[in-house]
């Protein structure tokens, strides 16, 4: 049982849901929330029953960014805070064996946008938008947001979006590959739940290793990726899941995956 103050944490049908729960501040990310996010992500990683994780939010919007009312929350400078409190959360998602789905409604701003974009997949309500507020506060993007934007949009569009403190609608996010799908706001929970539960029935080993390979593409060349695929394909083919799935294919039955 997890008792959190700033987030909600539930597990149902092999899907864990971590929901930001500070609606009065539009889920501004406080020091306490950063700590609890890391604890919840670690709990997901340690739980073999969890195969997919949904990151959502309560209230009128997904996240308004960092809780500016706390200042540096005890740190000498923002670099130290980013490295000590934000990086562990974002890297835990990046390096997780599980697939993370961001479920986004309303405003998704600042480092909150970086949190959402670090997830492997994203579903956005039609009223959702990414807001790059940094330049308007004389700040640069943080939380790895520059990485996501330039990879998705290219340099020229990304630097324009940043410099103008611009917004990207849900439709634009899908267009640029920053989100997988968008839907009516009233259908967001149902759409995300269906997506997550469908993925949770998939092969955990294939998802784990597929994520590892695809996350490393930007830091590798073709030959390195080819060899990584070949090595991990051997591991997958030797697994009980793969053998059972091949047998089920020939029997015209649905495969059931156990993660072994």
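Using Cα pairs closer than 8 Å and at least 6 residues apart in sequence, work out the relative contact order for the chain, in percent.
16
Just to verify a number: FRET efficiency for residue 95 and residue 48, C-beta to C-beta distance, R0 = 22 Å, to 0.05?
Efficiency at R0 = 22 Å is approximately 0.80.
Testing the spin-label approximation: label points 7 Å from Cα along Cα→Cβ at residue 253 and residue 201. State their distance in nm.
My value for the distance between the label points is 1.6 nm.
Using the per-residue mean of other Cβ atoms lying within 10 Å as a proxy for protection, in what order, highest first, do the peptides 166-176, 136-146, 102-112 fall?
102-112, 166-176, 136-146
So for each of 5-11, 33-39 I average, over its residues, the number of other beta carbons within 10 Å; can you give me the resulting order with the highest mean first?
33-39, 5-11
Counting helices only, and only those DSSP H runs with n ≥ 4, report the 222 nm mean residue ellipticity of the chain as the sum of -39,500 (n - 2.57) divided by its residues, in deg cm²/dmol to the nearest 500.
Calculated at 222 nm, the ellipticity per residue is -13000 deg cm²/dmol.
Specify, per residue and in Å³, the volume enclosed by the convex hull of the alpha carbon atoms belonging to the chain.
About 141 Å³ per residue, rounded to a whole number.
Packing-wise, with mean Cβ within 10 Å as the measure, how do 229-240, 181-192, 247-258 rank, highest first?
Peptide ranking by packing, descending: 181-192, 229-240, 247-258.
At what distance in nm do the modelled label points of residue 137 and residue 171 sit from each other, each positioned 7 Å from its Cα along Cα→Cβ?
Each label point lies 7 Å from its Cα, and together they span 3.0 nm.
Can you give the percent of C-alpha pairs in segment 22-137 whose distance is more than 17 Å?
It works out to 55 percent of all Cα pairs.
Compute the distance in nm between two label points, each set 7 Å from the Cα along the Cα-to-Cβ direction, one at residue 70 and one at residue 243.
4.9
Coordinate-derived values only; no laboratory data. No experiment lies behind these values; they were computed from the predicted model shown. For neighbour counting, all protein chains shown are included, and Cβ atoms are generated from backbone atoms with ideal geometry for every residue, glycine included.
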